[in-house]
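Here, each number is a calculation from the coordinates, and none is a lab measurement. From a predicted model like this one, the values you see are computed outputs, not experimental measurements. Every residue, glycine among them, receives a Cβ derived from its backbone with ideal geometry; neighbour counts consider all protein chains shown.
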Amino acid sequence: MKRVVSYDIVDDRRRNKVFKLLKDYGQWIQYSVFEVDCDEKDWLMLEFRLAALLGKEDSLCVYTLCRSCSRKVSYKGELRYRLQEQQNNIL
């Protein structure tokens, strides 16, 4: 299942840890936004690890996208070209 994860982390060190963790699981979209596409077991592990990194003043927001909604996602501007280039390098 695809999820969009956004965060606002006050502390630079914690923010870097969250960034690195999410980068292992998903695609970096914008400064504090990732797309994560994983099964429920991996998601639960990621969610647990993310919660352990958050401080009281931090926030994390997760949007779960159904399969139909995932197909309707569109990218514009520089992001679109960066994602296409990454996909072409994989193929």
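Tabulated data
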read-out: In the stretch 6-51, the residues that are in contact with an Asp or Glu (Cβ under 8 Å, 6 or more places away or on another chain), closer than 23 Å to S70 by Cβ and of a type in the set (V, I, T); value: I29
read-out: Residue in the stretch 34-59 that is nearest to the chain's Cα centre (by Cα), counting only those that are crowded, with 17+ Cβ neighbours inside 10 Å and under 27 Å from K72 (Cβ atoms); value: F34
read-out: Every pair of residues 6+ apart whose Cβ atoms lie under 7 Å, when the first sits in the stretch 1-28 and is assigned to a loop (DSSP other than H, G, I, E, B) while the second is surrounded by 15 or more Cβ atoms within 10 Å (Cβ to Cβ) and aliphatic (A, V, I, L, M); value: I9/V18
